[in-house]
Amino acid sequence: HTLLDKQEALPFWCGRGGRKYENEYPAQYSYQFSAYYAAAGGLFFGTRDSGAHIMTVGYYLREDALHFDYRITQYPEDMGRCRRYTSPYPAMLAFFRGDWQDAAALYRPWAVRQPWCGQTLREKLLPENLTKTDLWRINHTNYAFGTRTGEYVETCRLLQERLACRLAVHWYGWNMGRHDYEYPEYINPALADWPDKLTAYNRQLTQAGIVKIPYVNARLWDSHIPAWEEEQAVLSAVKNEEGGLPDEPWNSGTVLQPMCPAAGPWREKVVEFGEKYVERLGFDGLYLDQVASYNATLCFDPSHGHPVGGGTWWGEAYHQMIRQLRSQVGDDSILTSESCCEIYGDVFDLFLVLDTTSMSDTSLAGWLYSEPIPLFNMLYGAHMLTYGSVCRLSDTLPQFEFHLTRNTLWGILPSVEGFSLEEMEEPAAEPYFAVLRSAVVFYQEHREDMLYSRIDRVLDPACPALPLEWTAPGGEVRTKSCASVQATRWERPDGSRFITAYNWSDAPVVSRLEETEAFLPPHSFLFLS
């Protein structure tokens, strides 16, 4: 049904339909496995590639609409030149009984032994600004709000004071420009006084104990700005097989060109962000968009110093870039990226995930056949961190409460979207703040466990079901039935376990959680060790 529903070509993040799901690894395809299962049993498809070669993975519906093909497409080094090729890694098929969690259990023992899992979170040197943060604030769906800097700074202070928490802001619009414009310069030369003003605002946030991370893109260059010609940026751009520039879906009044991470001048440009924005302007790190989200891209420019076409060079080049940037900004700065591709877990401090709610109509094949799952945190929770949310005051209260609290149970660092001054001052905002306060307090009380452990199982406790209703983009009202008690079992680094749960209904619930019969008051968290 998922593939049948995809009749038209869809954006890459939806798998490029129609009648198929297809993406590249490493990046948008975040892992080296997928699973197809039902009550009678399941099929586990995967590879065992420690080198993270570029590959395309896809499910393709056949004409009879009754069968599908699973396919892995490999891309050799020196494409068009090599005379012999042997697959550098095995592909595998396994049979299992269970669901996605059982498939994850088949993959995890191999995955955590790979280069991207060299250290646990306990062993890593995580920035103090990260480990002491209680709440992330993100203005992803309200980019313009980030340009109202005075209000943005004021609402940051109010949010922190109202919740008695340590706040970090993931800041879109800090450069007073439009999104997807003027990369990689960001601040238009006409705004000559803005760097000094922004530095003063950042100083205020620092004095208030608020961490601030600006948006930058580590992959795209706006070819309409003077620097494209002045710096001969085309020489560092990704080239297709004809030697031209690839066509990508970034047409918002500008032309953003993908840059090759192996090209020295581009790598130096990204490393320069550290000096320009972290050191000069007073930010506490950088959000490097698209590194861990957009697909690895074949490049046929031999002057970049990588094998032409495929191979392992794409991931290796980004690792080199990020390590150089880390050397520039220091271990105390936070480095983060979009989405959660596994191979970058050893160079980023955490990953931004925004697809854990049912608000979007850009899911795999539409909301009807898609359901978010905490797969990344189940695989890598003890090794890597995630944050992110599109929970906002414009949601219905049940929608806000369900997604915010479930994200917390899934091991996503507490995160919230937006919050304008006008919204915060509305009396109707108070119950939203009550929910947010309870999530922040719960995290504060159990920070050590929730920061360094991983979810081991999403539980299915016997409890009443409640309808969750929301209005999707376009005005369509959608409804899903959701268990009133959400619960997860966690595993600590020492192997011991604990359980977290939340009852989002108006009535108390008595439910068996593993071996314990638990009483959950209405709208409350529970921690069982």
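The values are calculated or read from the model by the stated rules, or taken from the named source; none is laboratory data. Since this is a predicted model, take the numbers as computed values, not measurements. Every residue, glycine among them, receives a Cβ derived from its backbone with ideal geometry; neighbour counts consider all protein chains shown. Accessible surface areas use protein heavy atoms only, side chains included; no ligands, DNA or RNA. Shrake-Rupley method; radii C 1.70, N 1.55, O 1.52, S 1.80 Å.
A few points about this structure:
Table: residues versus (1) out of contact with any Ser or Thr (no Cβ under 7 Å at 6 or more places or on another chain); (2) under 23 Å from HIS319 (Cα atoms); (3) open to solvent by less than 50 Å² (accessible area, probe 1.4 Å).
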position	(1), (2), (3)
SER87	yes, no, no
ALA91	no, no, no
GLN101	yes, no, yes
TRP116	yes, yes, yes
ARG122	yes, yes, no
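- Inspection of the stretch 506-524 finds a residue satisfying the criterion of being charged (D, E, K, R), on the phi < 0 side of the Ramachandran plot and at pLDDT 95 or above.
- Only one of the listed residues (LEU368, LEU325) is assigned to a helix (DSSP H, G or I), at pLDDT below 95 and either within 23 Å of ALA105 (Cβ to Cβ) or not polar (S, T, N, Q) (or both). That residue is LEU368.
- Filtered residues of the stretch 50-77 (kept if farther than 17 Å from ALA27 by Cβ and in a strand (DSSP E or B)): TYR59, TYR60, LEU61, PHE68, ASP69, TYR70, ARG71, GLU77
- Any hit, the stretch 498-520, residues being touching a residue at least 40 places away in the same chain (Cβ under 8 Å), touching a helix residue (DSSP H, G or I) at 6+ places or on another chain (Cβ under 9 Å), of a type in the set (Phe, Trp, Tyr) and farther than 23 Å from LEU393 by Cα: yes
- Pairs linking a residue in the stretch 27-42 that is farther than 16 Å from ALA104 by Cβ to a residue that is outside any strand (DSSP E or B) and open to solvent by 40 Å² or more (accessible area, probe 1.4 Å), with Cβ atoms under 9 Å and 6 or more positions apart or on different chains, are GLN28/TRP13; ALA39/ARG97; ALA40/ARG97; GLY41/ARG97.
- The residues listed here are GLU248, GLU230; of these, the one that is farther than 21 Å from ASP332 by Cα, open to solvent by less than 40 Å² (accessible area, probe 1.4 Å) and free of Cβ contacts under 8 Å to residues at least 24 places away in the same chain is GLU248.
- Members of the stretch 170-205 found to be part of a helix (DSSP H, G or I) and touching a strand residue (DSSP E or B) at 6+ places or on another chain (Cβ under 8 Å), listed by number: ASN202, LEU205
- Single unsatisfied condition, PRO307 versus (1) more than 30 Å from ARG83 (Cα to Cα); (2) modelled with pLDDT of 95 or more; (3) touching a helix residue (DSSP H, G or I) at 6+ places or on another chain (Cβ under 8 Å); (4) surrounded by fewer than 21 Cβ atoms within 10 Å (Cβ to Cβ): (1)
- In the set (1) open to solvent by less than 20 Å² (accessible area, probe 1.4 Å); (2) of a type in the set (A, V, I, L, M); (3) within 30 Å of ARG122 (Cβ to Cβ), LEU520 fails one condition alone, (3).
- Residue, farthest from the chain's Cα centre (by Cα), within the stretch 413-431, restricted to residues that are part of a loop (DSSP other than H, G, I, E, B) and surrounded by fewer than 22 Cβ atoms within 10 Å (Cβ to Cβ): GLU426
- Summed over the stretch 380-412, the residues that are more than 16 Å from the chain's Cα centre (by Cα) and polar (S, T, N, Q) give a count of 4.
- Single match in ALA218, ALA208 (criterion: surrounded by fewer than 18 Cβ atoms within 10 Å (Cβ to Cβ) and not charged (D, E, K, R)): ALA208
- Taken over the stretch 207-227, the criterion of being part of a loop (DSSP other than H, G, I, E, B) and in contact (Cβ under 8 Å) with a residue 60 or more places away in the chain is satisfied by ALA218, ARG219.
- Scan of the stretch 16-27 for residues that are at pLDDT below 90, surrounded by fewer than 21 Cβ atoms within 10 Å (Cβ to Cβ) and not basic (Lys, Arg), ordered by number: GLY17, GLY18, GLU22
- Any hit, the stretch 295-309, residues being under 30 Å from ASP196 (Cα atoms) and of a type outside the set (A, V, I, L, M, F, W, C): no
- Matching option when the condition is more than 25 Å from the chain's Cα centre (by Cα) and in a helix (DSSP H, G or I), among PRO265, PRO307: PRO265
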